[in-house]
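Visitor: Just dropping this structure here.
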Amino acid sequence: MSLKSVSYTAQVAPTKGRLSLQIASGAPTINVDLLADISRDGGISWTTANLALASSFSGIDVFEAQNIDISAQPSGTAMQWRVRTQNNKLIAVSGVVMQWS
C-alpha cells in the first residue's frame, strides 16, 4: 500500500518537516512494516521519517517524527507526505498531519 497526499505549497523552501499519523494499536512494526516519507519537490525526492510512538488512546496509536531534515532534497515548495507498507499486513492509517519550517 502507498498513500500519498496532494501537494501543499510552502511560501519558501523548507529545510525541516514533521509528520504525525494514527494507526490501529498493535498492527505493524513501525519503521519496518510501515514507513512515512516527506517531500518538498512534489514527490520527486523523498526523505523517510523515523517514527516514534507519541501517544496511545482508545485502540489508536499516534506516531510522529519531528525535525525531519529535508535540506538535502532539491529545493522546492511543493510539500507532500507518503505512507507506505513493506508487506501484506492490513494497516489502518488515518489522521496524517504534515508541518514544515
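Here, each number is a calculation from the coordinates, and none is a lab measurement. This structure is a prediction, so every number in the text was calculated from the model and none was measured. Don't worry about glycine lacking a Cβ; one is built from the backbone with ideal geometry, like all the others, and counts go over all protein chains shown.
Visitor: How charged is the neighbourhood of Ile68? Take every other residue with its Cβ under 14 Å from the Cβ of Ile68, and add Lys/Arg as +1 and Asp/Glu as -1. Don't skip to the end; give the middle numbers.
Guide: Numbers: positive: Lys16, Arg18, Arg40, Arg82; negative: Asp37, Glu64, Asp69.
Residues close to Ile68 contribute a combined charge of +1.
Visitor: What trypsin sites (Lys or Arg not before Pro) does region 1-93 have in DSSP loop regions with at most 13 other beta carbons within 10 Å?
Guide: Numbers: sites: Lys4, Lys16, Arg18, Arg40, Arg82, Arg84, Lys89; in loops: Arg40, Lys89.
Answer in residue order: Lys89.
Visitor: Here is a follow-up. What percentage of all Cα-Cα pairs in region 2-100 are separated by more than 22 Å?
Guide: 26 percent
Visitor: What net charge do the residues around Ala78 carry, taking every other residue with its C-beta under 10 Å from that of Ala78, with Lys and Arg at +1 and Asp and Glu at -1? Let's see the in-between values first.
Guide: On the way: positive: Arg40; negative: Asp41.
That works out to 0.
Visitor: If you take every residue apart from Gln99 with its C-beta less than 13 Å away from the C-beta of Gln99, what net charge results, scoring Lys and Arg +1 and Asp and Glu -1? Can you show the working numbers first?
Guide: Values: positive: Lys16, Arg18, Arg40; negative: Glu64.
Spelling it out: positives minus negatives among the neighbours equals +2.
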